[in-house]
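Inspection log for the structure reproduced underneath, given as C-alpha cells.
The values are calculated or read from the model by the stated rules, or taken from the named source; none is laboratory data. It should be emphasised that the depicted structure is a prediction, and the values quoted were computed from it without experimental measurement. For neighbour counting, all protein chains shown are included, and Cβ atoms are generated from backbone atoms with ideal geometry for every residue, glycine included.
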Amino acid sequence: MSATESIDRPGIYEILRRYWGYRSFLPLQEESIASILAGRDSLTKLPTGGGKSLCFQLPVLLKEGMAVIVSPLISLMKDQVDSLKDLGISAAYLNSSLSFEAKKRVMDQAREGGIKLLYIAPERLVNDETMKLLRSTTLSFFVIDEAHCISHWGHDFRADYRNLWLIKETFRPLSVHAFTATATQEVQRDILDQLRLTDAEIHLGTVDRPNLTYRVMQRKQILKQVTELLRKHDNDPGIIYCLRRKDVDSLSLGLRDLGFDNVPYHAGMTAEERRINQEKFAREEVDIVVATVAFGMGIDRSNVRFVIHAGMPRSVEHYQQETGRAGRDGLPAFCYMFYGGADYQLWNFFAERSSERTVMMKKLGSMYNFCAQPQCRHKVLAGYFGQRYEKASCDACDYCLNELDMVDDPLVVGQKILSCVARVHENSYGFGAAHVANILKGNLTEKIENMRHHELSTFGIMAGESVAFSRYMIEQLIGQGFLSREGEYSTLSVTGPGRGLLKGEHSPVLAKPLIAARKKEVAKKSLEKKREEWDGVDYGLFQKLRAKRTELALKKAVPAYIIFSDNSLKDMALKKPVTRDVFSGIYGVGKSKLKKYADIFIEVIKGET
Ligand code: ADP
C-alpha cells in the first residue's frame with residue numbers, strides 16, 4: 001500500500017481548511033505529506049511557489065512531538081516562524097541571531113513540549129548542546145529544506161550541510177525529509193547519499209512555472225525600456241536585476257529621477273543598508289528593487305508580479321532561480337529579459353579566467369541560446385532541466401503568443417551573413433560584428449576601405465536592411481551556434497554547424513527586431529489579458545486592502561505576505577465580504593486569520609461599499 005492510500009484524507013483536508021483556509025492541495029503536496037505521516041524518508045522537489053513549506057508544516061499537527069527543520073537562511077527562518085505563529089501554530093528558531101536569553105527560552109520551551117516546529121541552522125544542529133536538547137525532547141521528524149545545498153553539483157553548496165548524515169545515524173528510526181526546488185538527477189542522488197536515505201519515497205514535480213510569461217528582447221536604451229514596462233505594471237511589485245553594481249546604482253537613480261520609487265541592493269552596500277532595503281521591500285513599503293544577484297536568497301515576497309533582467313545572467317540555472325521569484329502566489333507574473341552581445345562577452349571574460357572554464361562556457365552557451373533562438377521559452381527551460389514539455393503552445397511566452405515577427409527566408413539571410421564572415425576570415429584574422437554588419441550594408445567605412453572589403457562579393461549584399469537588423473541577425477546566429485565570437489577583439493568565425501548551414505543542411509530560426517507599431521499591439525493585447533484576469537475585482541478596493549496590509553505588516557514588523565497573500569486580497573476585492581461568516585470563505589482565511597484580521601479588513605471593505 002502506498003503512503004497516500006493509508007492517510008486519513010478527511011483529516012488532512014480539515015486541517016488544511018482550518019489553519020490555512022485552502023480547500024485543495026497543490027500538485028504532489030498530498031503525496032509528500034503522506035510520506036511524512038507514514039514515517040517514510042522522502043525527497044520532494046517542487047518548483048518555487050509549489051507550496052513546499054505546507055508539506056511539512058501540516059503533518060506536524062497530526063503527529064506527536066516536535067519537527068526539526070534544517071534551513072540555511074536566517075532571514076527565511078524568521079519569516080517562516082512568524083508566518084506559522086500567525087496561523088496559530090507554535091514554532092521557533094535557533095540560530096546565531098538569538099541572544100543567550102532568547103536561546104535559553106526556546107530550548108526550555110522545546111524541552112517542555114511547547115514547540116511543534118523548530119527551525120535550526122545546519123551548523124547549530126550538530127553541536128553538542130543542540131544534540132543534547134534533541135535527545136531529551138519528543139521529536140516527530142526531520143526536514144532538510146533547500147536540500148540542494150548539500151551537493152557540490154548544486155549552485156548553493158553549503159559545507160555545513162555535509163554533516164547532516166548524522167541525523168539519520170543518531171535519530172533512527174525517525175524519518176528525514178528533504179525538500180528542494182532545483183535538483184538535477186546528480187543533485188538528487190547526492191542528497192539521498194549524503195543524508196543516507198536508502199529507501200526514500202521520491203516526489204518530483206515539474207520545473208515549469210505555468211503562471212510566468214517570458215519575453216526576451218534586445219537591449220537598447222535600458223532606462224527607457226524599463227520605464228515603459230514599469231508604466232505598464234503600474235503599482236505592481238517587481239525586481240529588476242542588473243549584472244553589475246554600477247548598473248544597479250545608475251538604473252536605480254535614473255528611475256528615481258523619473259519618479260519611480262525604488263531601492264537598490266548589491267554587495268557593495270553595507271549589511272545594514274541591504275537589510276533596510278530588503279525589509280522595505282518585504283513589508284511593501286517599496287515595490288521595486290533594483291539589484292544584482294546578491295538579492296534573492298531569503299526573499300519570500302509572494303506577490304512579485306514581474307522580474308526584469310536588464311542583462312543576461314550567466315546560466316539558465318541563475319535565470320530560473322531569479323525569474324522564479326516572480327508569482328510565487330500562483331497568480332500571473334511576467335519575466336522580461338533584455339540582452340545583448342555585450343553580456344555574452346562579459347561572462348565570457350570571466351569564464352576565460354576561471355578554472356571551471358569548460359563548464360561555465362557550456363552554461364553560458366545555453367543561456368545565450370535561450371535568448372537568441374526564438375522558440376517556446378517554457379519548453380526550452382523544461383528541456384534544460386531534463387523534463388519534457390508536452391503542450392504544443394504555452395500561451396505564455398513571446399514566441400507562442402506570436403509577438404515575434406519571424407524572418408521569411410532565414411536560411412538565405414543566414415547564408416548571406418555566414419558567407420560574409422567566411423570571406424573576411426579568409427584573408428585576415430577575422431572581424432567583429434560591427435564591421436561585418438557594415439560590409440553587409442555596403443557602408444564604405446575607413447576600415448572597410450583600408451582592408452579592401454568593399455571588393456568582397458558580399459559587400460552590400462544586405463543593403464536593403466539596416467545595420468541594426470544585421471547585427472541582430474548575427475547575435476541570433478551566434479546564439480544558435482552557427483557563428484562563434486572569440487578573443488580579445490570578439491572576432492566572428494563560422495562554426496561546424498555554420499558550415500552545414502552554408503551547404504543548406506539546416507536552417508536558423510530568426511526573428512526580426514520588434515518595431516514600434518508591433519510593440520504597441522503587443523502592449524494592448526497584454527492589457528486586455530490583464531483586464532480579463534481582474535474581471536469583477538474592485539481594483540481600487542484591492543489597493544486599499546494592500547495599504548491596510550502594509551500598515552499591519554509595519555506594526556507587527558513582519559513581511560506583508562505573512563498577513564495575507566495577494567490571492568486573498570483579490571478574493572476580498574471580488575466578494576466584498578462584510579460579515580465574519582462570509583469572510584471565513586475567503587481564500588487563505590483559516591481560523592487564526594479570521595479571528596485576527598476579519599474585523600480590520602471588513603472595515604476597509606465597508607468603507608468602500
Ligand atoms: P515554495 O517554498 O515551494 O516556494 P511556498 O511554501 O512559499 O512555496 O508556497 C507558495 C505559496 O503557495 C504560499 O503563499 C502558500 O501559502 C501557498 N500555498 C501552499 N499550499 C497551498 C494550497 N494547497 N493551496 C493554495 N495555496 C497554497
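The single condition from (1) touching a Phe, Trp or Tyr at 6+ places or on another chain (Cβ under 8 Å); (2) in a loop (DSSP other than H, G, I, E, B) that GLN225 fails is (2). Across the range 157-180, the qualifying residues are those that are crowded, with 20+ Cβ neighbours inside 10 Å and not polar (S, T, N, Q), and the one among them that is farthest from the ligand (Cβ to nearest atom) is ILE167. In the range 17-27, the qualifying residues are those that are assigned to a loop (DSSP other than H, G, I, E, B) and surrounded by fewer than 20 Cβ atoms within 10 Å (Cβ to Cβ), and the one that is farthest from the ligand (Cβ to nearest atom) is PRO27.
Does LEU84 satisfy the condition of being in contact with a Ser or Thr (Cβ under 8 Å, 6 or more places away or on another chain), within 13 Å of the ligand (Cβ to nearest atom) and of a type in the set (A, V, I, L, M, F, W, C)? Taking the combined requirement at face value, the residue satisfies it.
For ALA517, the test of being among the aliphatic types (A, V, I, L, M) and touching a residue at least 12 places away in the same chain (Cβ under 8 Å) is failed.
Tell me, yes or no, whether the range 119-132 has at least one residue that is within 24 Å of ASP41 (Cβ to Cβ), in a helix (DSSP H, G or I) and in contact with an Asp or Glu (Cβ under 7 Å, 6 or more places away or on another chain). Yes, some residue in the range 119-132 is within 24 Å of ASP41 (Cβ to Cβ), in a helix (DSSP H, G or I) and in contact with an Asp or Glu (Cβ under 7 Å, 6 or more places away or on another chain). In the range 32-80, the residue that is nearest to VAL106 (Cα to Cα) out of those that are among the acidic types (Asp, Glu) and either more than 10 Å from the ligand (Cβ to nearest atom) or at pLDDT 95 or above (or both) is GLU64. Residues of the range 113-164 being over 22 Å from VAL187 (Cβ atoms) and acidic (Asp, Glu), which ones? Those that are over 22 Å from VAL187 (Cβ atoms) and acidic (Asp, Glu): ASP128, GLU129. Of the residues making up the range 86-116, those that are surrounded by fewer than 18 Cβ atoms within 10 Å (Cβ to Cβ) and either among the aromatic types (Phe, Trp, Tyr) or at positive phi (or both) are GLY88, PHE100, GLY113.
Taking the range 368-391 as the range and being under 14 Å from MET217 (Cα atoms) and in a helix (DSSP H, G or I) as the test, the residues that pass are TYR368, ASN369, PHE370, CYS371, ALA372, ARG377. When the range 311-337 is filtered for residues that are of a type in the set (A, V, I, L, M, F, W, C) and either surrounded by fewer than 23 Cβ atoms within 10 Å (Cβ to Cβ) or within 13 Å of the ligand (Cβ to nearest atom) (or both), the ones remaining, listed by number, are VAL316, ALA326, LEU331, ALA333.
Please verify whether TYR241 is among the aromatic types (Phe, Trp, Tyr) and over 24 Å from ALA468 (Cβ atoms), treating the condition exactly as stated. Yes.
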